[in-house]
Amino acid sequence: MPEMDLGKALDRAIDDAMARDDAIVLIGEDAPMLRGGLFARYGPERVLAAPISEGAFLGAAAGAAMAGLRPIVELYMVDFVAVAFDALLNHIAKLETFSGGDWRCPLLLRAPCGGWYGDGGQHSQALWGTLASIPGLTVVVPSTPADAYGLTATALEHEGPVVLLEPKLLAADWLNALGRCGRDSVRFDVPQDDDDGGNDDPLARVPFGRAALRREGSDVTICSLAVGVHRSLEAARVLSEEGVSCEVLDLRSLRPLDREAVVASVRKTGRLLVVDEDYRECGLSGEVAALTLEAGLRPRFARVCVEGTLPYARHLEEAALPNVGRIRAAAAALVADGSGETAPAPRA
Amino acid sequence: MELAQLYQQMARARAFELAAKDLWEQGLIAGEMHLGTGEEAVAAGVVTHLEDGDGLSLTHRCTPALAVRGVPLAAMLSEMLGKPGGLCGGRGGHMHLFSRPHLAASSGIVGASLPTGAGFALAAKRLRRGKLAVALTGEGAMNQGMALETLNLAAAWSLPLLVVCIDNGWAITTRSDTVTAGKLGERARAFGWKVKTVDGRDVESVYAVAGTLLGRLRAGKGPAFLHATCPRLDGHFLGDPLLQTVHDPLGKGRARVQRVVSGAATRGGGSIGTRALGVAHLMTSMTQARLAPQRDSRGDPLQVARKALGKRRQDHAAIDTQVQEEIRAAVDAALAGEGGDA
């Protein structure tokens, strides 16, 4: 496999797809600079520099997708989807239903997401739970290069709209551009494990709606995604030395969600811990708990999530994110007395 | 206000930005850092007019205006250092600085300063007659829907809002004129705004024009748009990838250059002509970035002000010394504060 991190694997998948499919155009702020290779290869008619007008260019991409193109829209960060939310929520996601299933919007929205580098609360959000709550969208978040390639390749052959979030901590180009910014004086806790998710072919398609089992275990099922998978694996290694056996499930596709994989694992362990970099309330963690209840299971349950607006200061951000210490404590508590992480009142 | 006083505000804002840059380079400040170097004449020329009760709505490049507004410098630096004693308890960071006593708010969302400014102006109109709001924005943000919508809203409601469009020619790493149709002043004029254009490097001109426009607003007239051109001296943010590529193509910009070369040479894709267009576009951007004014060059607003002082036989050295002492004390106080990342 060529040496690719998650971001470069994503870039590669886009490049390969653009070479195959002339209908693909890429639209984004600074696209010529950020995607210089694609810009030089495919030219300004297929790689379009957008003004800072997310509402306009995501809305226009929807129209273009309806009329025969296959746009890839890049946002600088998923936080900025707020500016363009109408296009996604009310148009892109609803077209299929509104047209009686006749018309779909083959569009890929690529957006970097997540924190761990101190960029403040408008530039560090996950938001995948919010996006995955919308019927009509597919929402995927890779945690490995192979999944980044495979999910992107699948998305660019999918007939409906796909939101693909790219964890910035796992994509060297983003971390360098937004966190390091040319400095050698800052450090980031980038996961070092070379876990490829058990995927032998780094250029294979990855289907939507299939979780990946990253580690087998018998005591606790940890469901996570993105950076959380790596933090969970690290916690699982520590916990195994303490005699707690954790199974780590990388959800990677939030909508559709692999309910069967979650249920099968929780049926085995009887304990469920959701590690989610998104907000705790009304989101993915509650959804995963609910689906086990719907399947007739009554697992001991805990969750390690983001509970308030992410603070800017690195040490405060680290504490607010699902770090290894929080995961370890929550899993250990589940095994010890079933209570999991105690839940304080949510902060504003 | 005398030129020397305006220069003092500019020098103070500049020294603050450079102190932040120094701390950032040491790794003591996390994340992105958008300096306002080059905008000091606009900040000083506009913000020195503000009174108690006036609102100030700002962007990710907010620190020069906040410094001029009188927000404590050590508290702002402490915030950037992530200290509990920072302006926002270490929770906001440099893009999210808020000072309630100054009715001053910033945002990391491009374009958001306009609607917030309109809201400050609405509150002034209802609660504080004669008071007003100023929203600073960049020219790149004027293509954001909420900015264009505010051009309509503030005029329709006849709000006492001054939008100062600080035009440095760049929307992140994209030349603004390549993604912007028409003229920004004409846009505002079409919505019924009073529009003025000014050389944003010349603090006395900015001060005079802003004074006239703000006087209209205090008298209850509708919104005004001040289009001020100025240089961007330190890129979109420190470590700007475009500037890295331009100034260090074989070092920090190497991977980017390689991507372009390899993309242009890979089989499959656009025609030779299409590829040539792409490469030519990138070369033009890089040339324009290379030719942009540098700090302390003739196009630097501080140099413009120093020259004007010199013509009047006024010395800036004493002001510089006093400002440096103030900033050094602020840095020391910020670093000495308990806790934080530093």
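Here, each number is a calculation from the coordinates, and none is a lab measurement. On a predicted model such as this, the values are computed, not experimentally measured, just so you know. Cβ placement follows ideal geometry from the backbone for every residue including glycine, while neighbour counts extend to all protein chains displayed.
Below are the figures for this structure:
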| read-out | value |
| --- | --- |
| Whole-number percent relative contact order across chain A, with pairs defined as alpha carbons under 8 Å at least 6 apart | 15 percent |
| Karplus-derived HN-Hα couplings along segment B:49-54 (A = 6.51, B = -1.76, C = 1.60, θ = phi - 60°), whole Hz, x at Gly and Pro | 7, 6, 10, 4, x, 7 |
| Over chain B: helical MRE at 222 nm, DSSP H runs n ≥ 4 each giving -39500 (n - 2.57), nearest 500 | -15500 deg cm²/dmol |
| Distance between segment A:1-68 and segment A:269-323 - C-alpha centres, whole angstrom | 33 Å |
| Within 10 Å of each Cβ in B:80-88, the average number of Cβ atoms from other chains | 2 |
| Amide H contacts under 5 Å for A:L109, placed H, 5+ residues apart | A:V73, A:V162, A:V163, A:L164 |
| A:C305 long-range amide H proximity, modeled H, under 5 Å | A:D276 |
| DSSP-loop GluC sites (Glu not before Pro) across segment A:1-104, with at most 16 other Cβ within 10 angstrom | A:E3, A:E45 |
| 21 Å Cα-Cα reach of B:K196 towards lysines, excluding residues that sit fewer than 8 places from it in its own chain | B:K131, B:K183, B:K221 |
| Cross-link partners of B:K252 among lysines (Cα-Cα below 20 Å; sequence separation of 8 or more within a chain) | A:K8, A:K168, B:K21 |
| 3J(HN,Hα) from dihedral phi, segment A:58-66, Karplus parametrisation 6.51/-1.76/1.60, rounded to Hz, x for glycine, proline | 6, x, 5, 5, 4, x, 5, 5, 5 |
| Stretch in chain B that is longest and holds no GluC sites (Glu not before Pro) that DSSP places in a loop and that have at most 13 other beta carbons within 10 Å | B:52-337 |
| Value of Rg to Rh for the protein assembly as shown (Rh from inverse mean 1/r over Cα pairs, i.e. Kirkwood) | 0.98 |
| For segment A:283-289, 3J(HN,Hα) per residue [Karplus equation, 6.51 cos²θ - 1.76 cosθ + 1.60, θ = phi - 60°, Hz, x = Gly/Pro] | x, 4, 5, x, 4, 5, 4 |
| Cβ charges +1 (Lys, Arg) and -1 (Asp, Glu), total dipole of segment A:6-178, debye | 100 debye |
| Highest-MSF residue in chain B out of B:I109, B:I166, B:I29 [GNM, Cα springs under 10 Å] | B:I109 |
| Under 5 Å, built H, 5+ apart or other chain: amide partners of A:E247 | A:G217, A:S218, A:D219, A:V220, A:T221, A:I222 |
| P(r) of chain B over all Cα-Cα pairs, binned every 10 Å from zero, in whole percent | 6, 24, 32, 24, 10, 3, 0 |
